[in-house]
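Trainee: Can you keep this structure in mind? I'll have questions shortly.
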C-alpha cells in the first residue's frame, strides 16, 4: 500500500511539474518517500501535490504489471518517458536502490498515465492506497554522493483507516514536542554553536551535570561488575590504525591526518586499538583472563552532514566502551554475562522492551579469515540460543572486524533505538599478535569482546530525553528541587539544610508571583518545588509540589528529606 502511494505521489509531481525526473521511491516504516529531480519544494507545494494525489485516487487507475527485456526498458525510459535515473538504474549493477541486472525487468503502469520501473507488488488500483498525508521534504543527493545531483525527497504516510492515520499524526506531534534538540535548548542542557562546526556539541552546566551522573553511574557499576578502568589519548599514529584495519576499512569516516614530525596522527574513531595496547603492555597468563577494560572514551567520526542529527548522531561523542580479553573457552560465558549486564543496566532507566538482532559480517569488507568470522558468529549464536531473548539475523550488517549483537530499545512512543552493541572479534587479536601463556606453557591467542552499553553517552541521553520528555527521574535530574521563596521569608536555613543533605537544590527568590515561579519550575521539569514562607520557616515545614502537580502543605522538612532520599537512592522512576 505504501509502495503504491509512493508511485501515486511521483505521478502527482509529474503532473504538476512536467520536467520532473523521478529516481527511487521505497516504502519505509510507517510511510514512504520519493527522490525526484525538480525545483526546490516549498511547504505549500505539499498541499498541491496532495490534492493532485486525491484526483489520481478518485480516477481509480489500475496498477498493471509489465515485463520486458532490459534493453527495451532502457529505450522506453530514454525515448517514450525520458527518465535518466531509471536508465542509470537499468544500466547499473546490483548496488543499493537498483534492480538486479537481468535480461527481463518489470514495470508498473497506472493505466496508461504513469510508468515506473518496479519489482512490485502493488495494490489493485490507485483508490486502494488508504488514507494518506504528505509530511515533509528535504534535499537528498543521488546515491548519497555529494558530487551527484541534489534531489528533492518528499515523505508521506498512509494507513488503512482514517483513525489509524489520525493516531499516527498525533504520535508525530508528540514526537515533535519530545524532540531532544528542542528539549536540550528549552532545558538549557546543550547547544550546537555554528562557530564550533557541524555535529559538535557544547554542554551547558545542567547538561554537564546530567552527563556526570550518567558517567559516574556507568563507572561505578562497571567496577562492581569486575571491570578495570583505563584511559587513552584522543589521537594515535597512523601505524596503529593501519594495523587495526581502520585506515583501509574505515578511513572515509575518519578525520584527515594531523601532520607531525614523527609522521601522521589520526583522531580516534574508536577506542579498541588503545585497549589492545593496554593488553600488550605485559605478558599475560591464562590465569589473568578474562580481563575487562572499560573507558568513557571520546571518539570522532567525520559523518556526512546529511546524516547528522543532534546528539543522536554527532561527530564527536563519548562511548562507555569496554573490551573483554578472554580465552576461547570463556567467550560464550562472557557474552552471556554482558547480556545479563545489559538487562540490569537498562532496568534502572525503566527501559525493558528490547529487540535483539544478530548481524553477520560482510565478507567484502571484513578483516580476518572466514574461519574467524564463523567461529565468532557461532559464539554469539550459542550465547543467544541459551538466553531468554528471541532474535533475528541481519546478514552483512556486522563490523569489519566481526559479527555483533544489537539491543534496540523501545521508547515511550513505541520507537526503536539501537543502543547496546556486543561484538565478538577473533581478528584484532590476530592483527596485533595478542598472546597469553596457556596452562600447557605455550602461547595462545585470546578473543576480544567489544561492547558499549549506552552506545554513546550522547545518543543515550538524546533517546532518554525523548523517552521522558525531559522529565528525568529525581536521581538523574540536574536540579532535583527548588526552594521558592515567598515575600521576604528567610529561606537560608532550609536551603542550607537541603544542600547539606547532598541534594541538588537552587533558590528562586525573584520578585515575581508565586504562581509564576511555580510555572517556571514546572516548565523546567524540576521534580520537587518547595514553597517556603514565614510560616514554613517558623514551623520547620515546606509546601511540596511534585512535577505531576500533586500539592502537599505543611510537610515537616525532616519528613520530606527522608522521602526525597528514598526516591533518589532507590533510583525511583
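Trainee: Once label points are set 7 Å from the Cα along Cα→Cβ at both residue 103 and residue 188, what is their separation, rounded to one decimal in nm?
Mentor: In this crude spin-label approximation the distance works out to 7.3 nm.
Trainee: Along the Cα→Cβ direction, 7 angstrom out, place labels at residue 235 and residue 566. What is the inter-label distance in nm?
Mentor: Between residue 235 and residue 566, the label points sit 5.5 nm apart.
Trainee: Compute the distance in nm between two label points, each set 7 Å from the Cα along the Cα-to-Cβ direction, one at residue 336 and one at residue 348.
Mentor: Here the modelled spin labels are 2.4 nm apart.
Trainee: Multiplying the sequence separation of residue 538 and residue 91 by 0.36 nm and subtracting their Cα-Cα distance, what value in nm do you get? Before the final figure, lay out the partial values.
Mentor: Numbers: separation 447, 0.36 × 447 = 160.92 nm, distance 8.49 nm.
In short, 152.4 nm is gained.
Trainee: For region 458-573, what proportion of DSSP beta bridges, expressed in % and rounded to the nearest 5, is antiparallel?
Mentor: In region 458-573, approximately 45 percent of DSSP beta bridges are antiparallel ones.
Trainee: Separation of region 482-530 and region 257-295 by C-alpha centroid, Å?
Mentor: One Cα centre to the other: 48 Å.
Trainee: Then there's this: Report for region 209-461 the percent antiparallel among DSSP-assigned beta bridges with both residues inside it, nearest 5.
Mentor: Antiparallel bridges: around 85 percent, rounded to the nearest 5.
Trainee: Name the residues of region 238-259 whose amide N is less than 11 Å from a point 7 angstrom out from the Cα of residue 302 along the C-beta direction?
Mentor: 251-258
Trainee: For the chain, what is the mean residue ellipticity at 222 nm derived from helices alone (per DSSP H run of n ≥ 4: -39500 (n - 2.57); sum divided by total residues; nearest 500 deg cm²/dmol)?
Mentor: Details: 18 runs with 198 residues, N = 573.
Using -39500 (n - 2.57) per qualifying helix, the result is -10500 deg cm²/dmol.
Trainee: Based on C-alpha coordinates, I'd like the Rg and Dmax of region 198-244, in Å.
Mentor: Cα radius of gyration and Dmax of region 198-244 are 15.6, 41 Å respectively.
Trainee: Across the chain, how large is the tail of the calculated P(r) beyond 43 Å, expressed as a percent of all Cα pairs?
Mentor: Of the Cα pairs, 36 percent sit more than 43 Å apart.
Trainee: On full extension of the chain, what length is gained from residue 280 through residue 163, given 0.36 nm per residue of separation minus the C-alpha to C-alpha distance?
Mentor: Once the chain is fully extended between residue 280 and residue 163, it gains 36.0 nm.
Trainee: Using 0.36 nm per residue, how much length does the chain from residue 259 to residue 555 gain when fully extended, once their Cα-Cα distance is taken away?
Mentor: 100.1 nm
Trainee: To continue, here is another question. Could you order the peptides 188-195, 289-296 from most to least packed, using the average number of other C-beta atoms within 10 Å per residue?
Mentor: Details: 188-195: 14.5, 289-296: 21.0.
Ranked by mean Cβ neighbours within 10 Å, highest first: 289-296, 188-195.
Trainee: Hey, how many Å between the Cα centroid of region 168-236 and the Cα centroid of region 328-355?
Mentor: 22 Å
Trainee: Let me ask another. Taking 41 Å as R0, compute the FRET efficiency from the Cβ-Cβ separation of residue 357 and residue 442 and round it to 0.05.
Mentor: So, using R0 = 41 Å, E works out to roughly 0.60.
Taken together, the values in this text are just the output of simple stated rules run on the coordinates, not laboratory data. Note that this is a predicted model, so its numbers are computed, not measured. Cβ atoms come from the backbone with ideal geometry, glycine included; neighbour counts cover every protein chain shown.
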